[in-house]
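To start, the structure itself, in structure tokens.
The values are calculated or read from the model by the stated rules, or taken from the named source; none is laboratory data. Not measured: the values here are computed from a predicted model. Cβ: placed from backbone, ideal geometry, glycine included. Neighbour counts: every protein chain shown.
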Amino acid sequence: MKAFLVATVWLAVSSACFAQTADSDPATKDDVILYFQTMHTNDMMHKMMEVMSASMQQSIQDELSKQKGLPANFDARLRKWIADGMKNMPVNEMEQAMIPSYQKHFTHGDIEAMNAFYSSPVGQKVLRELPDVTQESMQAMRPALNKYVEDWKQRMMEDLKNSTTPAKPSGAAAQN
């Protein structure tokens, strides 16, 4: 009877220790892959690239609209270049490359908790709505970002203009 009691206590204590260890164990590759599946990472990356593509196209068009001498079909060509770039993006390879970072920063228990949240109705809503929220946010931020970039470029140009040290011509340093 005493041996049974000792074995029972040992089993209870050791199972609690093993449970703690599992929560603090590093995430495995399979843990991260399951998390990516729960997050719909592949789909989300494609949607985010669509958002980025539209934003990139608008930014490039805004910047290049100041240029003269662009071909008449430049907008169509730009759309095609961006679409081709996004279509051929190596999403699966990118996803595989991300796994070690997740394993480095998250434990098995962290991944389980994140999977639990993102599997919940609220977590799934976050995943569904995030691309639209991101796109709307980027559009809302565009005026502030454009103003910042213009001011930044202006400061750089003024700094270059006010520079008292003339730049040496290329190759001059090598000749001295």
Query raised in the report: So which helices (runs of 4 or more DSSP H) stay within region 80-176 end to end and still have 1 or more residues that are modelled with pLDDT of 90 or more?
Result: 91-105, 108-119, 121-162
Query raised in the report: Using beta carbons and a limit of 6 Å, which pairs, at least six apart or on different chains, have the first residue in region 12-36 and more than 20 Å from GLY123 (Cβ to Cβ) and the second one modelled with pLDDT of 50 or more and among the β-branched types (Val, Ile, Thr)?
Result: SER24/THR107; LYS29/ILE99
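Among the listed residues ASP30, ASP23, identify the single one that is closer than 21 Å to SER119 by Cα, modelled with pLDDT of 80 or more, in a helix (DSSP H, G or I) and not small (Gly, Ala, Ser).
On the way: ASP23 fails: modelled with pLDDT of 80 or more.
Sole residue among the options that is closer than 21 Å to SER119 by Cα, modelled with pLDDT of 80 or more, in a helix (DSSP H, G or I) and not small (Gly, Ala, Ser): ASP30.
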**Report entry** Conditions (1) part of a loop (DSSP other than H, G, I, E, B); (2) at pLDDT below 80: number failed by GLU50
**Finding:** (1)
